[in-house]
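All remarks here apply to the structure that follows.
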Amino acid sequence: MVAKRVVLAYSGGLDTSVAVRWLIEQQHVEVIALAVDVGQDGGSIDQAAIVERAKAAGAVEAAVVDAREEFAGEYCVPALKANALYEGRYPLVSALSRPLIVKHLVQAAHEHGADAVAHGCTGKGNDQVRFEVSTRALDPSLEVLAPVRSWGMTREQSILYAYDHGIPITATKEKVYSIDDNLWGRAIECGEMEDPWAVPPPGVWSLTRPGATEPRDLVIGFEHGVPVSVDGRALGLVDVIETVGRAVGSYGWGRLDMVENRRVGIKSRETYECPASLALILAHSDLESITLERDLAREKARLEPRYAELVYDGLWFSPLKQALDAFVDTSQQHVTGEVRLRLEPNSCTVTGRRSPDSLYDYGLATYDDADSFNHEDSAGFVRLWGLSVETWSARQGPGREATWSARQGPGREKEWSARQGPGREPT
Ligand code: ARG
């Protein structure tokens, strides 16, 4: 099939602006540019400027969809409920936004009678995987074009291409960082940080600039695993995320510097700043420590890394992810309550948690007069708990010597024979 109309995931940056024109000239298609607002630029994207730029590049149509509520409620919240951290650390900032962007691309393609969608990802990253796998999950009949992957231009050549074609851009020739951000955090790659030994230059940070010095508390309220309030004030989801992010970020906390494994097999040095998501996951998983029954908590903890991998690997729309969401949702029934975070320069720690559904039983836990625990139950329980190990020790382990010398008497041979030797059968 040769595509005629394409909906391009447009950011307003150099690559996707050049992509608009390149698709028109090289692929002979009409381009509809679609930008999805997931809270990038600290929640202040300039819709009019983006539309104007896309049109100047040659798009027949350009639009910006405000998807912040949807992103918060249907993408960040499920990830929060699952305490989703890829390789134990990265809260999946970019990985979470891609399936949502694709959902809107596919919708727009249907509305505009387009037969293809396009993205501006390179061939080396995870984002191409997420865009394409998600598109195939939602509408396999759509073609996917990847101009940046196909055109083989260097950054410098793209800038020249933009100049030659009168495409307005703000990019400069210096090697800069590749940045992707949204409500859940901000990813900063490339530049001098491609050397994993290089210290990230201070200028790369924007959400986590330490300024506040006075320690303070931040109390986050949850209902069924969803954050609903800050310091007792009920807030909408987007507001909760932004409020927590601002507060925590002002103490300089929420940075990550890691080398992660991309889906395409490359190890990549990444820096992130995720004050909101990391603080929320910290608080949420702490609240689970008093509201989830032990076995449920342990099974959930076992599934969490798998959940994060699926999302990272572009399998947001997949049956396993769907099934895990159902499990996680069920687990959140009683994850209601509050967690107190203490903010200090470069630090964010939990200093308290409470819940109307708490499984923490003071009478069982205390050593004072209020103790309601039946101590006698423990003696028999502990004996049976250790019985198997005791048996092993006496026959095969370190306790063997002791048992053996105790049995130096005459009945010993017979006893051995009865257990393991020829006398075993008749006994
Ligand atoms: N490594 C992260 C991920 O795969 C961040 C990707 C950021 N994307 C970007 N265009 N800078 O999710």
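The values are calculated or read from the model by the stated rules, or taken from the named source; none is laboratory data. If you're wondering where the values come from, they're calculated on a predicted model, not measured in any experiment. Backbone-built Cβ (ideal geometry, glycine too); neighbour counts: all protein chains shown. Quick note on the areas: whole protein, heavy atoms, side chains included, nothing else; ligands and nucleic acids left out. Shrake-Rupley method; radii C 1.70, N 1.55, O 1.52, S 1.80 Å.
Computed values, structure above
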quantity: Rounded to 10°, Cα long-axis angle of helix 275-291 versus longest principal axis of the chain; calculated: 30
quantity: Options Val20, Val65, Ala308, ranked by Cα towards positive dipole end of the chain, top entry (Cβ charges); calculated: Ala308
quantity: Cα→Cβ-extended label distance, 7 Å offset, between Leu320 and Val389, nm; calculated: 3.4
quantity: Amide H within-cut-off set for Ala35, under 5 Å, with H built and near neighbours excluded; calculated: Tyr10, Ala63, Val64, Val65
quantity: Simple label model, 7 Å out from Cα along Cβ direction - Asp231 to Asp66, nm; calculated: 2.6
quantity: Charge dipole (region 327-383, unit charges on Cβ, about Cα centre) - positive-most of Asn374, Ser347, Tyr362; calculated: Ser347
quantity: Isotropically averaged projected area of region 333-399, using the convex hull of Cα atoms (one quarter of hull area), nm²; calculated: 9.7
quantity: Efficiency of FRET between Glu223 and Trp197 - r from beta-carbon atoms, R0 45 angstrom, step 0.05; calculated: 0.50
quantity: Heavy-atom accessible area ranking, 1.4 Å probe, most first, across Asp239, Asp325; calculated: Asp239, Asp325
quantity: The chain: relative contact order in percent, alpha carbon pairs under 8 Å with at least 6 residues between; calculated: 16
quantity: Unit charges at the beta carbon, dipole of region 206-259: most positive-side option, Phe222, Gly245, Leu207; calculated: Leu207
quantity: Residue-wise HN-Hα coupling along region 65-71, computed from phi with Karplus coefficients 6.51, -1.76, 1.60 (Hz; x: Gly, Pro); calculated: 9, 7, 10, 5, 4, 5, 4
quantity: For Ser318, solvent-accessible area (1.4 Å; no DNA, RNA or ligand), Å²; calculated: 20
quantity: Whole-number percent relative contact order across region 20-142, with pairs defined as alpha carbons under 8 Å at least 6 apart; calculated: 20
quantity: Using alpha-carbon coordinates, inclination of helix 127-138 to the longest axis of the chain, degrees; calculated: 90
quantity: For region 106-217, alpha-carbon Rg relative to the globular expectation (2.2 N^0.38 Å, N residues); calculated: 1.42
quantity: Helix 319-331 axis, angle to the chain major axis (alpha carbon atoms, nearest 10°); calculated: 60
quantity: In the chain, lysine pairs closer than 17 Å at Cα, eight or more apart or cross-chain; calculated: 5
quantity: Calculated [θ] (222 nm, deg cm²/dmol) that DSSP helices of n ≥ 4 give over the chain, each run adding -39,500 (n - 2.57); calculated: -13500 deg cm²/dmol
quantity: Probe 1.4 Å, all protein chains present, accessible-area order of Lys4, Lys55, largest first; calculated: Lys4, Lys55
quantity: Rounded accessible area of Phe373 (nearest 10 Å², 1.4 Å probe); calculated: 90
quantity: 13 Å reach of a label modelled at His110, 7 Å along Cα-to-Cβ, counting backbone N of region 121-137; calculated: none
quantity: Relative contact order of region 175-258, pairs being alpha-carbon contacts under 8 Å that are 6 or more residues apart, as %; calculated: 26
quantity: Share of Cα-Cα pairs in region 161-293 lying beyond 25 Å, as whole percent; calculated: 42
quantity: Solvent accessible area, Å² - Cys190, 1.4 Å probe, full protein context; calculated: 40
quantity: Mean projection area, nm², convex hull over Cα of the chain; calculated: 31.9
quantity: Contour minus Cα-Cα distance for Gln47 and Asn346 (0.36 nm per residue); calculated: 104.2 nm
quantity: Nitroxide proxy distance, nm - points 7 Å out along Cα→Cβ at Ser150 and Ser289; calculated: 5.3
quantity: Among Glu376, Glu273, Glu293, residue whose mean-square fluctuation peaks in a GNM of the chain (springs only between Cα atoms under 10 Å); calculated: Glu376
